[in-house]
Amino acid sequence: MIHESQEHMNSFKTSQTRRGFFKTMAFLGLVTFVAPKAHAKGSKTQFKYQDTPKNGETCKECMFFEPDSNTCKIVEGNISPEGWCTLYRQDPNK
């Protein structure tokens with residue numbers, strides 16, 4: 001009887017551990033989905049940013065450029081629409 005009871009307790013602990021694990025994973029998934037993106041931007045130096053175009057390519061045509069605030073999704077600081085950096089990628093919508 002004691003052996004049987006102990007076996008039941010071990011099973012209960014395992015299910016509680018499993019249940020706690022899945023609750024934690026669900027919570028983390030929700031937090032990750034809802035939380036704002038927390039990635040750091042790189043420096044202008046790191047991406048060789050310049051305030052002038054290069055070979056006709058400009059930030060205002062790049063998919064990472066934010067025209068409302070003259071900022072970039074990847075490079076930190078104020079970005080000139082006429083600037084350029086090594087991350088330049090033509091915006092397919094322009």
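The values are calculated or read from the model by the stated rules, or taken from the named source; none is laboratory data. Source: prediction; values computed, not measured. FYI the Cβ positions are ideal-geometry reconstructions off the backbone, even for glycines, and counts take in every protein chain you see.
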Of the listed residues (Ala26, Ala38), the one being exposed (fewer than 10 other Cβ atoms within 10 Å of the Cβ) and modelled with pLDDT under 70 is Ala38
If we keep only residues of the stretch 63-79 that are part of a strand (DSSP E or B) and without any contact (Cβ under 8 Å) to a residue 24 or more places away in the chain, then the residue farthest from Gln90 (Cα to Cα) is Thr71
If we keep only residues of the stretch 42-78 that are charged (D, E, K, R) and in contact with a Gly (Cβ under 8 Å, 6 or more places away or on another chain), then the residue surrounded by the fewest Cβ atoms within 10 Å (Cβ to Cβ) is Asp51
Exactly one of Glu66, Glu57 is modelled with pLDDT of 95 or more, within 19 Å of the chain's Cα centre (by Cα) and acidic (Asp, Glu), and that residue is Glu66
